[in-house]
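Okay, structure first, notes after.
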Amino acid sequence: MDPDQYCREIESYLCRRNAGHLVRLVGPAFEMVAGWARTGIPIRVACAGIDRYLDRHDAKAGGAPAARRRPVRAEFCEADVLDAFDQWRRAVGLGTAGSAAPEAAAGGGGHQSLRAHLDRVATRLTDRLADGSVAPILEAHLERLLDELSRMREGARTVRGEARQQVIARLEELDRALLEAVQAAAGAELLESATAEAEADLGDFRTRMAAAEYARARDAAVRALLRDRCRLPVIAY
């Protein structure tokens, strides 16, 4: 995407997230965000990083309405944007190859414990099942997944060494199985929409990748988008 257009879209998104307060990208802020565009950070991923910072910022402020606080500038969000981009690249199998991205700063507030991770995942799955909008074929998969995670949680605080590594490896297997189930349950229209968005996200990387590598990255990006649209958590630790 053209850096000027990219900056205008980020500027508009910041204004919306700041309850209509005008946030202009000028000088160093413009150059920083234009750098996101040149690096290949998809707009959607940049916005997810901005959301991450603003959600944390508002939580610390006690949930004060955005209209009553000073607007948050793009510079404050950069660490979270880079962290979201790093996570997206790993999720689609890009790693750091084929990218000129800077090293992501630690914006996520530290890596949570295995027990805390399992608690968070179980809570999100429970909430998702409770809302009654999950397709029946996927609902059965989520119920089985929640049962297994509940058993893992019982010993998560004391598990160590080889046993802990086995739990982590199993979580990765469960995450892959969840993505496969989500993709199988998705209708043709949703799959087509997710594929188009995945291809747009990967547009800046396509010429740097072999055909097989690109196909794998696109499939992984599609599954990640389907996960987001289904409001499901990442199971892998």
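We did not get these values from a lab; they are worked out from the coordinates using the rules stated. None of the values given here were measured: they were computed from a predicted structure. FYI the Cβ positions are ideal-geometry reconstructions off the backbone, even for glycines, and counts take in every protein chain you see.
Structure notes:
- Two-site FRET efficiency, residue 21 against residue 116, from Cβ-Cβ distance with R₀ of 45 Å, rounded to 0.05: 0.85
- Only Cα pairs under 8 Å and 6+ residues apart enter the sum, and on that basis the relative contact order of the chain stands at 21 percent.
- Helical contribution to [θ] at 222 nm, DSSP H n ≥ 4, -39,500 (n - 2.57), averaged over the chain, rounded to 500: -22500 deg cm²/dmol
- Judged by the mean number of other Cβ atoms found within 10 Å, the most tightly packed of the peptides 153-165, 73-85, 20-32, 191-203 leads the ranking 73-85, 191-203, 20-32, 153-165.
- Relative contact order (percent, whole number), the stretch 3-91, Cα cutoff 8 Å, 6+ residue spacing: 38
- The chain: translational diffusion in µm²/s, Stokes-Einstein, Kirkwood Rh over Cα pairs, 37 °C, 0.692 mPa s: 168
- Ordering of 129-137, 224-232 by packing [mean C-beta count within 10 Å, highest first]: 224-232, 129-137
- Burial order of peptide ranges 210-217, 169-176 (average beta-carbon count within 10 Å, highest first): 169-176, 210-217
- Relative contact order %, the stretch 114-229, counting alpha carbon pairs below 8 Å whose residues are six or more apart: 27
- J(HN,Hα) series, the stretch 149-161, from Karplus relation 6.51 cos²θ - 1.76 cosθ + 1.60, nearest Hz, glycine and proline x: 5, 4, 5, 5, 5, 4, x, 5, 6, 10, 5, 9, x
- Each residue, residue 56 and residue 76, gets one label point 7 Å from its Cα in the Cβ direction; the gap between the two is 1.3 nm.
- Net charge over other residues, Cβ less than 13 angstrom from the Cβ of residue 3 (K, R count +1; D, E count -1): -4
- Going from the fewest other Cβ atoms within 10 Å to the most, the residues 235, 43 appear in the order 43, 235.
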